[in-house]
1. Quickly run through segment 19-39 and pick out the residues that are over 25 Å from L75 (Cβ atoms) and not aliphatic (A, V, I, L, M).
2. Name the single residue that is nearest to L79 (Cα to Cα) among those in segment 1-18 being surrounded by 10 or more Cβ atoms within 10 Å (Cβ to Cβ) and polar (S, T, N, Q).
3. All but one of (1) surrounded by 11 or more Cβ atoms within 10 Å (Cβ to Cβ); (2) modelled with pLDDT of 90 or more hold for I21; which doesn't?
4. Which condition breaks for I32 when tested against (1) open to solvent by 100 Å² or more (accessible area, probe 1.4 Å); (2) in contact with a Phe, Trp or Tyr (Cβ under 6 Å, 6 or more places away or on another chain); (3) among the β-branched types (V, I, T)?
5. Name every residue in segment 69-85 that is open to solvent by 80 Å² or more (accessible area, probe 1.4 Å), within 18 Å of V25 (Cα to Cα) and not charged (D, E, K, R), in order of residue number.
6. Just for segment 43-63: of the residues that are surrounded by 13 or more Cβ atoms within 10 Å (Cβ to Cβ), among the hydrophobic types (A, V, I, L, M, F, W, C) and modelled with pLDDT under 95, which one is nearest to L75 (Cα to Cα)?
7. Give Y66, Y40 a once-over and let me know the one that is open to solvent by 90 Å² or more (accessible area, probe 1.4 Å), of a type in the set (S, T, Y) and in a helix (DSSP H, G or I).
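The values are calculated or read from the model by the stated rules, or taken from the named source; none is laboratory data. From a predicted model like this one, the values you see are computed outputs, not experimental measurements. Because the Cβ atoms are built from the backbone with ideal geometry, glycine has one as well, and the counts that use them run over all protein chains shown. Surface accessibility is based on the protein's heavy atoms, side chains included, excluding ligands, DNA and RNA. Shrake-Rupley method; radii C 1.70, N 1.55, O 1.52, S 1.80 Å.
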Amino acid sequence: MLTAMTPAQRHIADERLQAAIGSWVGGISAAIAFFGAWVYCMYTYGFLLGFGFGWVPSAILALFAYAVGRIMWPLMLVLVVGCAFIAFGDAIR
């Protein structure tokens, strides 16, 4: 038998959904930051040092990007949509 959710249960479900979306956005931004920083290290310090040791600062940056992406994902969503409207505004009209 189906029963309606109480307000407390709905609040918990909303928090879990927001945390799940934040984890996805944080993971994607961390992956982009990690690979971007690693490629930058390889380009700047050469293949041997950049490939061998570049993952250390890249991992630190990825952890920071994950934390920021997880907390600030609504702002990131607004910025992405705004940039899309600026970039493709003429195609929409």
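1. W38
2. Once the filter is applied, the top-ranked residue is Q18.
3. (2)
4. Going through (1) open to solvent by 100 Å² or more (accessible area, probe 1.4 Å); (2) in contact with a Phe, Trp or Tyr (Cβ under 6 Å, 6 or more places away or on another chain); (3) among the β-branched types (V, I, T) one by one, I32 breaks only (2).
5. Matches in segment 69-85: I71, M72, L75, L77, V78, L79, V80, C83.
6. The selected residue is W55.
7. Selected residue: Y40, the only one of Y66, Y40 that is open to solvent by 90 Å² or more (accessible area, probe 1.4 Å), of a type in the set (S, T, Y) and in a helix (DSSP H, G or I).
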